[in-house]
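The values are calculated or read from the model by the stated rules, or taken from the named source; none is laboratory data. None of these values were measured; they are calculated from a predicted model. Glycine also receives a Cβ, built like all others from the backbone with ideal geometry; neighbour counts cover every protein chain displayed. Ligands, DNA and RNA are excluded from the accessible area calculation, which covers all protein heavy atoms including side chains. Shrake-Rupley method; radii C 1.70, N 1.55, O 1.52, S 1.80 Å.
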Amino acid sequence: MSKKWWKESVIYQIYPRSFKDSNGDGIGDIKGVIQGLDYLKRLGINIIWLSPVYESPNDDNGYDISNYRAIMKEFGTMEDFDLLLKEAHKRDIKIVMDLVVNHTSDEHQWFKESRKSKDNKYRDYYIWRNGKNGQPPNDWISFFSGSAWEYDKTTEMYYLHLFSKKQADLNWENAEVRKEVFDMMKWWLDKGIDGFRMDVISLIAKDIDIDDEKDSKVVMPNIPNINNERVHKFLQEMNREVLSKYDIMTVGETPGVDPQEALNFVGNDRNELNMIFQFEHVGIGDGPDGKWGKSEFNLKEFKDIMSKWQDVLENGGWNSLYLSNHDQPRSVSRFGNDTEYREESAKMLATCIHMMKGTPYVYQGEELGMTNVKFDSLDDYRDIETINAYKEYVESGKKTKEEMMEAIYKRGRDNARTPFQWDDSENAGFTEGTPWIRVNPNYKTINAKSQLDDENSVFNYYRKLIELRKKYEIIAYGKYKLILDDDKNIYAYLRKLNNETLLVMCNFSDKNSKFTLPEDIKYNKKEVLISNYNVNCDEIEKIDLKPYEARVYLLIDR
Ligand code: GLC
Ligand code: CA
């Protein structure tokens, strides 16, 4: 077992646009992040993952970068960034940056040059192909609806964009592109940042000119030919040229990757990445319409998926643990109960994730139990994926307006992007101006200020969970084992290290549920480490768990 600082850490994701606005223009910014550092210190997290702050025309809120070495004007200046890094480090908080290099903005200098002519020096920085009989080069579909190809009349060819047409895919086959990316990464690392979260990194190598679907191990229905062999070649080169020279952490966002393939990204002997974000558990119930279908949650499936990942990565890998981020709905609304049992279920979900083996990620506001939002009109939504999907489904008659709005309420990305709820003053204390996206109306009851001094708040529950990780080695390093496999309401598991066992029980139901301790679990001393109800009974052999109850015991056998 090799110990590493990033295995013992808790990571907090900041979506800067929605975190804190320091100058009243309605947009969160870097100075706002600095203002939030003491709050984060109090929570106890060790690492911030900062969603993109680079120069960007904001077609996809910063995931469309027009200059990798400059800060987005709305977010501030490079001096602000340097100060953030300094202030964070002063508080022992590390900063991990988003690295978006599958694509750039079409307003990036490289692309502006590339589209000028077929023999431009930057032409091969992007992926250009001829159309076929007036149609795009192939039938790949963009993640944001419509063809993944855009026709450009200057040179009468198409360029590839897996996301919006303002996000042109870089050509990783071109060694110059790789060199540019690696130089840029070194530039940021030399500034002292502590690592990268790599946007859709599983998708950087594509087999465009092959007609049959390859037996790709990265499985994406809309883009069948991702070449997994070369993805790894590129990442190993990146590791050799850049990552291995610094004491940093890396996590790759890897849609379409299964646990076996995951080991190729994070295996100790692979020299690629430290962790990846898998998507299986956040895709439970997705049907032919992907996330816009019915998507019913099923605990059994969730347990199977999480356990499979725990078991596979036990052999030389490491898990990243998350239930929400800026692309996913709020975890309490999705996996818990955001009305009657909001606090209980938010704490239960946190327990379930934070006690597993791996590095937990907290998405801003999750530590308050912030919930999904329902805006009446599409006009109040800002996310390009949501707006395009609405048009695609409603205009084609595939769904009614009402059905599509319901789907957006469940899964739309703006659920996670409403402003952080600091207090109960106007606009939740996020801004003194008009927020770029409306605040969730429940900010009067759900906000940080009201939770900080309340011992029983969701915030303080997270704080305790994070504190426990620092105190008990078993939380980072104990081996995972699922128990009560078939129970439909309870997710229970063990963690084992030497003579200690952690016993974690989580009731995912709004009904009482009976827990029975498997007979082979031996101990002669036990202690409750954390629970979301008062625990007043000493017996653990049989427990009647209350709605969304969670408990963690430390059992010692000597
Ligand atoms: C990743 C990001 C998402 C973005 C997309 C394109 O999935 O998390 O927010 O829209 O990549 O960059
Ligand atoms: Ca601002």
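See the values below:
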item: Residue 300 vs. criteria of a type in the set (Lys, Arg) and closer than 21 Å to residue 356 by Cα; result: yes
item: Members of segment 28-47 that are open to solvent by less than 20 Å² (accessible area, probe 1.4 Å) and either within 10 Å of ligand 2 (Cβ to nearest atom) or small (Gly, Ala, Ser) (or both); result: 28, 29, 30, 32, 36, 44
item: Residue within segment 368-376 that is under 22 Å from residue 505 (Cα atoms) and open to solvent by less than 10 Å² (accessible area, probe 1.4 Å) present; result: yes
item: Residue match in segment 491-503 (condition: surrounded by 15 or more Cβ atoms within 10 Å (Cβ to Cβ), not in a strand (DSSP E or B) and not hydroxyl-bearing (Ser, Thr, Tyr)); result: no
item: One residue from 277, 302 being open to solvent by less than 50 Å² (accessible area, probe 1.4 Å) and in contact with a His (Cβ under 9 Å, 6 or more places away or on another chain); result: 302
item: Residue count for segment 345-374, restricted to those that are part of a loop (DSSP other than H, G, I, E, B) and in contact with an Asp or Glu (Cβ under 8 Å, 6 or more places away or on another chain); result: 5
item: Single match in 351, 371 (criterion: touching a helix residue (DSSP H, G or I) at 6+ places or on another chain (Cβ under 6 Å) and touching a residue at least 40 places away in the same chain (Cβ under 8 Å)); result: 371
item: Pairs where the first residue, in segment 23-35, is in a helix (DSSP H, G or I) and the second is more than 16 Å from ligand 1 (Cβ to nearest atom) and among the basic types (Lys, Arg), C-beta under 8 Å, 6+ apart; result: 32/20; 33/20; 35/20
item: Residue satisfying all of: in segment 529-544; more than 30 Å from the chain's Cα centre (by Cα) and surrounded by 13 or more Cβ atoms within 10 Å (Cβ to Cβ); nearest to residue 346 (Cα to Cα) among these; result: 535
item: Criterion violated by residue 92 - all others in (1) touching a Pro at 6+ places or on another chain (Cβ under 9 Å); (2) at positive phi; (3) of a type in the set (D, E, K, R) satisfied; result: (1)
item: Selection from segment 249-265 of residues that are surrounded by 23 or more Cβ atoms within 10 Å (Cβ to Cβ) and of a type outside the set (S, T, N, Q); result: 249, 251, 252, 253, 257, 262, 265
item: Strands (runs of 3 or more DSSP E) lying entirely in segment 126-211 (those with 1 or more residues that are open to solvent by less than 10 Å² (accessible area, probe 1.4 Å) and in contact with an Asp or Glu (Cβ under 8 Å, 6 or more places away or on another chain)); result: 157-160, 167-169, 195-198
item: Single match in 464, 449, 470, 526 (criterion: open to solvent by 10 Å² or more (accessible area, probe 1.4 Å) and outside any helix (DSSP H, G or I)); result: 526
item: Segment 436-446, subset of a type in the set (S, T, N, Q) and surrounded by 16 or more Cβ atoms within 10 Å (Cβ to Cβ), residue farthest from ligand 2 (Cβ to nearest atom); result: 442
item: Condition check for residue 17: away from ligand 1 (no atom under 16 Å from the Cβ) and of a type outside the set (Gly, Ala, Ser); result: no
item: Residue within segment 383-394 that is in contact with a Lys or Arg (Cβ under 7 Å, 6 or more places away or on another chain), without any contact (Cβ under 8 Å) to a residue 24 or more places away in the chain and open to solvent by 10 Å² or more (accessible area, probe 1.4 Å) present; result: yes
item: So residue 553, is it part of a strand (DSSP E or B) and within 21 Å of residue 301 (Cα to Cα); result: no
item: Residue count for segment 399-435, restricted to those that are assigned to a helix (DSSP H, G or I), away from ligand 2 (no atom under 16 Å from the Cβ) and of a type in the set (S, T, N, Q); result: 1
item: Qualifying residue in segment 59-70 (condition: aliphatic (A, V, I, L, M), at pLDDT 95 or above and in a strand (DSSP E or B)); result: yes
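For (1) more than 24 Å from residue 67 (Cβ to Cβ); (2) within 16 Å of ligand 2 (Cβ to nearest atom); (3) within 23 Å of the chain's Cα centre (by Cα), each residue gets a yes or a no:
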{"residue": "139", "(1), (2), (3)": "yes, no, no"}
{"residue": "144", "(1), (2), (3)": "no, no, yes"}
{"residue": "149", "(1), (2), (3)": "yes, no, no"}
{"residue": "154", "(1), (2), (3)": "no, no, no"}
{"residue": "157", "(1), (2), (3)": "yes, no, no"}
{"residue": "161", "(1), (2), (3)": "no, no, yes"}
{"residue": "180", "(1), (2), (3)": "no, no, no"}
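Here is a yes/no grid of residues against (1) closer than 30 Å to residue 48 by Cα; (2) part of a loop (DSSP other than H, G, I, E, B):
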| position | (1), (2) |
| --- | --- |
| 83 | yes, no |
| 86 | yes, no |
| 101 | yes, yes |
| 104 | yes, no |
| 107 | yes, yes |
| 113 | no, no |
| 118 | no, yes |
